[in-house]
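Down below is the structure, laid out as structure tokens.
The values are calculated or read from the model by the stated rules, or taken from the named source; none is laboratory data. Just so you know, these numbers come straight off a predicted model, no measurement behind them. For neighbour counting, all protein chains shown are included, and Cβ atoms are generated from backbone atoms with ideal geometry for every residue, glycine included. For the accessible areas, the whole protein counts, side chains as well, though only heavy atoms, and no ligand, DNA or RNA atoms are used. Shrake-Rupley method; radii C 1.70, N 1.55, O 1.52, S 1.80 Å.
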Protein chains: 2
Amino acid sequence: METKFLSETNLKFLLHDVHEISALTEYDAYRHQNRKMFDMVMGAALDLAKTKLYPILEEMDENIPELLDGSVRVHSAVRNLMKEYGEGGWIGASFPEQYGGEQLPLAVAMATRYIFAAANYSASTFPELTAGAAHLIISFGSEDMVAAYVPNMLSGKWQGTMALTEPEAGSSLADITASASPAGDGSYRIKGQKIFISGGDHDGVDNVVHLMLAKIDGAPAGVKGISLFVVPKKRIDPAGALVGNDIVVSQVFHKLGYRGNPITQLSIGENGDCHGFLLGEPHKGLAYMFQMMNEARLGVGMGAAAIASAAYYAALEYTRGRTQGRKIGQKNLADPQVPIIEHADVKRMLLFQRSVVEGSLSLLLQCSMYADLAHLQDGEDKTKHALLLDLLTPVAKSYPSEMGILTTSQAIQCLGGYGYCKDFPVEQYYRDVRIHPIHEGTTGIQGMDLLGRKVTMHGGESFNLFNKEVGSTIAHARRSPELAASADQLEASLIELQNVTRHKIEQAATSGPEVFLADATLYLEYFGIIVIAWQWLKQAIVAQSQLEKASRIRRSFLTGKMFTFRYFFAYELPKTKGLRSRLLDTDPLTVRMESSFFND
Amino acid sequence: METKFLSETNLKFLLHDVHEISALTEYDAYRHQNRKMFDMVMGAALDLAKTKLYPILEEMDENIPELLDGSVRVHSAVRNLMKEYGEGGWIGASFPEQYGGEQLPLAVAMATRYIFAAANYSASTFPELTAGAAHLIISFGSEDMVAAYVPNMLSGKWQGTMALTEPEAGSSLADITASASPAGDGSYRIKGQKIFISGGDHDGVDNVVHLMLAKIDGAPAGVKGISLFVVPKKRIDPAGALVGNDIVVSQVFHKLGYRGNPITQLSIGENGDCHGFLLGEPHKGLAYMFQMMNEARLGVGMGAAAIASAAYYAALEYTRGRTQGRKIGQKNLADPQVPIIEHADVKRMLLFQRSVVEGSLSLLLQCSMYADLAHLQDGEDKTKHALLLDLLTPVAKSYPSEMGILTTSQAIQCLGGYGYCKDFPVEQYYRDVRIHPIHEGTTGIQGMDLLGRKVTMHGGESFNLFNKEVGSTIAHARRSPELAASADQLEASLIELQNVTRHKIEQAATSGPEVFLADATLYLEYFGIIVIAWQWLKQAIVAQSQLEKASRIRRSFLTGKMFTFRYFFAYELPKTKGLRSRLLDTDPLTVRMESSFFND
């Protein structure tokens, strides 16, 4: 039997039935596309995932990247994969045709990333990083720059990276020290250290294009002095040849998971000969980078949800095949043992995983739709969707990432002792998913972004828009007798969220910013559960409406949807009670706790 | 600076001040012992842990056991370690002097296991398994058997194992198929497969003694037909020499963590020449095994708490040294970055870890004390402590194991990207701790044990005794103005627990056993939080009383205790609200969910 790492049925249910992406084809940019084309794209992605990515999942985990003679050797399949990604149009899936892209909606491109990441997360990141870097060059670079880099990147010949982090500047980008000195010819000489750079160097491509943050000599202190540069591993010399650009890989990190992609430390310009090319205007680097950040963060959430999906299907398959014990109350030992999926506790573990996977994916596609609409629309509509995207991005990044730890852990638990062994892939998923609460802004950073910035920005407009969106789903659900009680439950939770938010904002005024933000991570968790409940109610509305006319097989899927929806409202949504209790508690004990009190 | 993996101050605080183990010296068995001796024992354990165990933590993870020419090669240090464990009296720490043991209270022996496990979990399991097996032989074996095996085991020359699990019988021991045929000479010929046997074979010892479950020919079906055998890897032939006993290691599992100890699959008696020796009476094997199970399960909880401790101290050290960002509101970039331990969110992550580590350890020592008292006392007192131990064992096994996943994950988060890399030990702790919710009975099994058996047994007597114990702590705490509010909070939680328990038992009557036990895992989690809150209130009573007269350094430790206690009541105890909501919910959706609804 073919290994299943995601549900195509569910992906289509979400894209077409819940989020109605075909509505995007009413806009000029996508007028010549249609549902069938989107399905063909996903089918092709799934084919690539099954035939090329999944088969090397374990190999890429075991044959980890190594630094040899100054350059990084990765799994030998990576070169061919990059070629396939390039030739298949996957790197440029959402790029405009004028740049050689496929001009697909972001929602469709994100769905293909989900497919790739579910098959093999490490392998999926090479094109994703490249697309992110190319996107920046298109958005802010000159025509010459676009011409010099983008075609080679979208074709998979060159790797792209995001080179932000430094040894002493991770979460605090204000403190980066990489420097850029004007060379007099329009270019800059870059000098510094970058650390934890994914895909920072490897032998699966002919060149690596770093999108790098650095400070121009004399720049203002802090984030206002950060500029963004294109810094290639090999620069193009006047004769058009590629020559070394004074970047040395000083280390490849050996990691818990996500082991197929080389995470590198780079020494830049040690010989004073690293040429960097300013992207856009000086000192606007962080703002530029943040324009890409929403997409990168959705990508992280997508990666986490995808790994969680793969672990869930591995657990599902195992629990169907493994017999152990009998139904409670079934005492006759002459009866054969039953598949463990028949035990209620195992079903609970599977429903938990499914509820997180499908709830997360729904949110991520929702956010992708907002991004598409913000891109396509004008005026108020554009603003509305951009604000909703901004508000929900920290949730869409963090909820799948944090919950992915728990769901992959439950996948291990479904397999018992076997889950702990290398004989099954779940232990790898457990390791792979653990990166997601860390990279592209830790969960703590996302919490502060949500509570400290997004919820209050523009006078709370984003938060108000979110409440309207959820309110509209609640109103819709209330029309169905099967969903009315859940609609009430979500409405109560939403009102509580409003109260907690108001309480927190008042606390900011009375107790200052440190107390206000001390539990921002908990607020993010709290907010996230309600957001996912909303996505589940949206799904339930559609599933319920489809049930009556469904075929037998379809009915099984839809009934499972409804059970998973009920699971979420019965088991997950109540977790807000405990979080709310803490968020309304005014004892600022984590602020008052002194570091010396950890001594003994 | 020396690496810290546990707090000796805290261990002594719990043993002496909270649980008052010196009270045990009033009993004859321990009359010649005293506090100073207990401290010397722990000091010696810590010395061994620091000098011999911790230094090979990473090596044992990397140089994993391999099957070579039919036998298992482990890290070369294991042989010497077993010798040290034997000569130092560590294997027989709690064994009576008549068997060559040190005759220490179990609470002290458990404290030493905690020390060893915190330094190097894999290395700590070799003696622990050996002690468990030797204990069974002493409890149920003949004098000859004791003489033949126990001295070689307590001296570390021979390894002991628990050989229960089979390929088709893990959680369901009723279904084991290993067979034992009477050989006519008093011995049996054993035949079967055993899987996931920790320490099942290795070259650090001269022999391996398996305590093995098997069914004697013609035995009743199910658990009533299980007998317990001593089955050595090499048996003693009539001339007194060790000869092969027809046990073949067919596999060494490669695992996520806990990689220093070889987990093996054994083929037993393939040539019909495996001699096994019945322990005690026929068909009582499971009952015998379960007499050791409490201790083994406490050992698992101890191992999880110990790993969580090591991860916590690694995170604490890192957060003190790593500078990043500034205090919220501190805008001047000319100010240096602050150690990240100064950020409230990081302190929250550390308090979470500390609250779990110290709460778990307190419960485990509490249970060890109950075991000691049940062993030392007679009549009602004996019964009382045995019942409390029985009731709390599933919690003491599961709470540290499940929470250890989360705390070691938070330790990784404290280190950010570095936490994900092999350069720091936290990623190993994260892998090592994941075994604990699986071995010695999964969390699901513990939940059913607690709700389906322990809470209701003897007419609910254990549960009533537990309520009295907690009630007594609450009454004590209420006398202190600083603790009265927390005492009220715990009392409210305890009353809710009683109500939830009553509701569940009524549900058993009205809806049958499957619905009754469907959420047993959640009940265990719910129960566990309240149990740990109780342990924190006990600690707070002592810490509060000591604060006034404490030295400056001691005051810092005690103040940290009080903050951690407040953390638990403010952040962890409220989690019962969501769990309670589900446990009172009567929708049996995980029972009704059909396995086909997972199809699409």
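How many residues does region B:558-599 hold that are more than 31 Å from the chain's Cα centre (by Cα) and more than 7 Å from chain A (Cβ to nearest Cβ)?
Within region B:558-599, residues that are more than 31 Å from the chain's Cα centre (by Cα) and more than 7 Å from chain A (Cβ to nearest Cβ) number 4.
Can you give me the ranges of the strands (runs of 3 or more DSSP E) entirely in region A:246-327 with at least 1 residues that are within 14 Å of chain B (Cβ to nearest Cβ) and over 30 Å from residue A:385 (Cα atoms)?
A:247-252, A:263-268
Tell me, which residue of region B:328-344 that is small (Gly, Ala, Ser) and not in a helix (DSSP H, G or I) is nearest to the chain's Cα centre (by Cα)?
Restricting to residues being small (Gly, Ala, Ser) and not in a helix (DSSP H, G or I), the top hit is B:329.
Within region B:360-392, can you find the residues that are of a type in the set (Ser, Thr, Tyr), buried (at least 20 other Cβ atoms within 10 Å of the Cβ) and more than 14 Å from the chain's Cα centre (by Cα)?
B:370, the sole residue that qualifies.
Count, please, the residues in region A:528-557 that happen to be more than 9 Å from chain B (Cβ to nearest Cβ) and in contact with a helix residue (DSSP H, G or I) (Cβ under 6 Å, 6 or more places away or on another chain).
Result for region A:528-557: 19.
Evaluate the following for residue B:395: is it within 20 Å of residue A:521 (Cα to Cα), touching a helix residue (DSSP H, G or I) at 6+ places or on another chain (Cβ under 6 Å), crowded, with 24+ Cβ neighbours inside 10 Å and of a type in the set (Val, Ile, Thr)?
No, not satisfied.
When residue B:541 is evaluated against the numbered criteria (1) without any contact (Cβ under 8 Å) to a residue 40 or more places away in the chain; (2) more than 30 Å from residue A:530 (Cβ to Cβ), which criterion, by number, is the only one it fails?
Of (1) without any contact (Cβ under 8 Å) to a residue 40 or more places away in the chain; (2) more than 30 Å from residue A:530 (Cβ to Cβ), only one is false for residue B:541: (1).
Starting from residues that are in contact with a strand residue (DSSP E or B) (Cβ under 9 Å, 6 or more places away or on another chain) and closer than 20 Å to residue B:354 by Cα, keep the ones in region B:300-341 and report whichever is surrounded by the most Cβ atoms within 10 Å (Cβ to Cβ).
Top of the filtered list is B:340.
Could you count how many residues in region A:137-168 are farther than 20 Å from residue A:206 by Cα, surrounded by fewer than 22 Cβ atoms within 10 Å (Cβ to Cβ) and hydrophobic (A, V, I, L, M, F, W, C)?
So the count comes out to 1.
Take region A:188-207 and flag every residue that is of a type outside the set (Phe, Trp, Tyr), part of a strand (DSSP E or B) and touching a Pro at 6+ places or on another chain (Cβ under 7 Å).
Once the filter is applied, which keeps residues that are of a type outside the set (Phe, Trp, Tyr), part of a strand (DSSP E or B) and touching a Pro at 6+ places or on another chain (Cβ under 7 Å), region A:188-207 yields A:193, A:195, A:207.
Run residue A:510 past the list (1) of a type in the set (Val, Ile, Thr); (2) in contact with a Ser or Thr (Cβ under 6 Å, 6 or more places away or on another chain); (3) open to solvent by 40 Å² or more (accessible area, probe 1.4 Å) and report the number of the one that doesn't hold.
The failed condition is (2).
With respect to residue A:357, determine if the residue is surrounded by fewer than 20 Cβ atoms within 10 Å (Cβ to Cβ), within 14 Å of chain B (Cβ to nearest Cβ) and over 23 Å from residue A:96 (Cα atoms).
no
Write out, first by first residue and then by second, each pair whose Cβ atoms fall under 7 Å of each other, whose residues are 6+ apart or on separate chains, and whose first residue, in region B:225-247, is without any contact (Cβ under 8 Å) to a residue 24 or more places away in the chain while the second is assigned to a strand (DSSP E or B).
B:237/B:243; B:243/B:234; B:243/B:235; B:244/B:234
Would you be able to tell me the number of residues in region A:477-491 that are under 29 Å from the mean Cα position of the chain (by Cα) and of a type outside the set (Asp, Glu)?
5
How many residues does region A:474-507 hold that are farther than 30 Å from residue A:437 by Cβ, within 11 Å of chain B (Cβ to nearest Cβ) and surrounded by 14 or more Cβ atoms within 10 Å (Cβ to Cβ)?
0
Filter region B:122-136 down to residues that are of a type outside the set (Ser, Thr, Tyr) and either within 14 Å of chain A (Cβ to nearest Cβ) or open to solvent by 20 Å² or more (accessible area, probe 1.4 Å) (or both), then give me how many there are.
Of the residues in region B:122-136, 3 are of a type outside the set (Ser, Thr, Tyr) and either within 14 Å of chain A (Cβ to nearest Cβ) or open to solvent by 20 Å² or more (accessible area, probe 1.4 Å) (or both).
Can you tell me which residue is modelled with the lowest pLDDT among those in region A:169-182 that are surrounded by 22 or more Cβ atoms within 10 Å (Cβ to Cβ) and touching a strand residue (DSSP E or B) at 6+ places or on another chain (Cβ under 6 Å)?
Among them, the one singled out is A:176.
In region B:401-415, which residue that is under 16 Å from the mean Cα position of the chain (by Cα) and surrounded by fewer than 24 Cβ atoms within 10 Å (Cβ to Cβ) is farthest from the other protein chains (Cβ to nearest Cβ)?
That would be B:402.
Please enumerate the residues belonging to region B:250-299 that are touching a Leu at 6+ places or on another chain (Cβ under 8 Å), under 19 Å from residue B:208 (Cβ atoms) and open to solvent by 10 Å² or more (accessible area, probe 1.4 Å).
Within region B:250-299, B:250, B:251, B:252, B:278, B:292 meet the criteria.
Working only within region A:208-235, note down all residues that are assigned to a strand (DSSP E or B), open to solvent by 10 Å² or more (accessible area, probe 1.4 Å) and more than 14 Å from residue A:281 (Cα to Cα).
If the condition is that a residue be assigned to a strand (DSSP E or B), open to solvent by 10 Å² or more (accessible area, probe 1.4 Å) and more than 14 Å from residue A:281 (Cα to Cα), then A:234, A:235 are the ones that fit.
Please pick out the residue among A:185, A:203 that is surrounded by fewer than 18 Cβ atoms within 10 Å (Cβ to Cβ), of a type outside the set (A, V, I, L, M, F, W, C) and over 29 Å from residue A:86 (Cα atoms).
Of A:185, A:203, the one residue that is surrounded by fewer than 18 Cβ atoms within 10 Å (Cβ to Cβ), of a type outside the set (A, V, I, L, M, F, W, C) and over 29 Å from residue A:86 (Cα atoms) is A:185.
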